[in-house]
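Just below is one structure, and these are the notes that go with it.
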Amino acid sequence: MILLQSHSRFLLQTLLNRVQNLEKAVELDYHWVEFDDVRYHILVSMKNPNALLLSVSLPIPPPEAVFMGGLPFGAIEAIKAAYGVAVQILDPPRDGFNLTLKLNLGKLPPDEEHRYALLVKIASVREVVLGAPLRVVLKHLSSRTVIPGIDGLLAIVHRSKESFFLDPQPDKVTVVFPMRFKDSIDIAFATSFLQEFVEARRTAGLNNAPSCLWSPTPPLELKEAPAEALSANAGFVSFVIFPRHVEGKKLDRTVWNLSTFHAYVSYHVKCSEGFMHTRMRRRVESMIQALDRAKPGVEGRKKSPNSRSFKRLSLKEARANSIS
């Protein structure tokens, strides 16, 4: 199993290259898209080479998700806590984006190790923003409390027009993912993968991992969810998170793994599909080679050193050979 990295590799490499070449006035204008339809834009002008503008466009939220000012609730506080004075939030953001950050490269920590850690955190802006609501809920779980004003289910966007649900309680948080796929082959692979995923949780080495359940129908925790949010063609996956799962450094790993669970499943589904296609192509090639060897024609066959060939002679040719 492969876990996705929390930071954008391209964004991190771009930031590192820019920091290492501050003395050069270089203009940058990069656009790119990563999984789950998260778009990025980096802009650096010649007039102010120490200022870098990073804009992020998030997936379109479904009606049940809670967004405030174009961002998930708790995102602004999470950005300020993660980046401090090195990053400024621009209001309003650039057109077509949910968030624009202004990074002052001259205010980065002088220590190389701390500077690199901050750049990795900036490259993880997706986790900071989209995982903010989940982080708030799990922080309250670590203190065995519930967010004031939150009563019942909480929907968190993780893909365009799709969300997963939290059922927060003082002693546990139940996380439910409606699993949706467009292709019929992906649905079959995902259903089998998720059932095996649940079975793997029952092994002895994973006793401390969150409990995991799969069901083809919505679980009881989603009885208050809107009907349009319950259309899942690959079933529903539920995780039960306890305070021990969010202690100390476990919180960051839990937030990221839950926020990208659907992408994690999609990645392994596509890998499995590609592996099956490779095996099928190899099998077809071996069968074609076997059929080629079985062709009845004599052309192209290799003769052994001991093989002999015979030619039928006419009566006249036979008499001439006997006289000679």
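The values are calculated or read from the model by the stated rules, or taken from the named source; none is laboratory data. All values derive from a computational prediction rather than experimental measurement. Note: ideal-geometry Cβ built from the backbone for every residue, glycine included; neighbour counts use all protein chains shown. To get the accessible areas, we keep the full protein, side chains included, count just its heavy atoms, and leave off ligands, DNA and RNA. Shrake-Rupley method; radii C 1.70, N 1.55, O 1.52, S 1.80 Å.
A few notes on this one:
- The residues of region 1-130 have, on average, 54 Å² of accessible surface per residue, using a 1.4 Å probe with all protein chains present.
- Length-normalised contact order for the chain - Cα pairs under 8 Å, 6+ apart - percent: 16
- Within the chain, percent of DSSP bridges classed antiparallel, to nearest 5: 100
- Taking LYS161, LYS223, LYS102 and ordering them by how much accessible surface each has at a 1.4 Å probe, largest first, produces LYS223, LYS161, LYS102.
- Restricting the calculation to alpha carbons of the chain gives Rg and Dmax of 30.6, 120 angstrom.
- For the chain, calculated [θ]222 nm from helices alone, where every DSSP H run of n ≥ 4 adds -39500 (n - 2.57): -12000 deg cm²/dmol
- Packing rank of 215-222, 53-60, where each peptide gets the mean count of other beta carbons within 10 Å, highest leading: 53-60, 215-222
- Accessible surface of the chain, 1.4 Å probe: 55 percent of it comes from carbon and sulfur atoms.
- Computed with a 1.4 Å probe on the full set of protein chains, the accessible area for ASP292 sits at about 80 Å².
- Protection proxy ranking for 83-92, 137-146, using the average of other Cβ atoms within 10 Å per residue and placing the highest first: 137-146, 83-92.
- Label-point separation in nm, ALA227 to THR203, each point 7 Å along Cα→Cβ: 4.2
- Pairs exceeding 18 Å between alpha-carbon atoms, taken from LYS161/LYS182; LYS47/LYS80; LYS24/LYS47; LYS47/LYS102; LYS121/LYS270; LYS139/LYS250: LYS47/LYS80; LYS121/LYS270.
- In Å, descending, principal axis extents of the Cα set of region 156-268: 40, 31, 23
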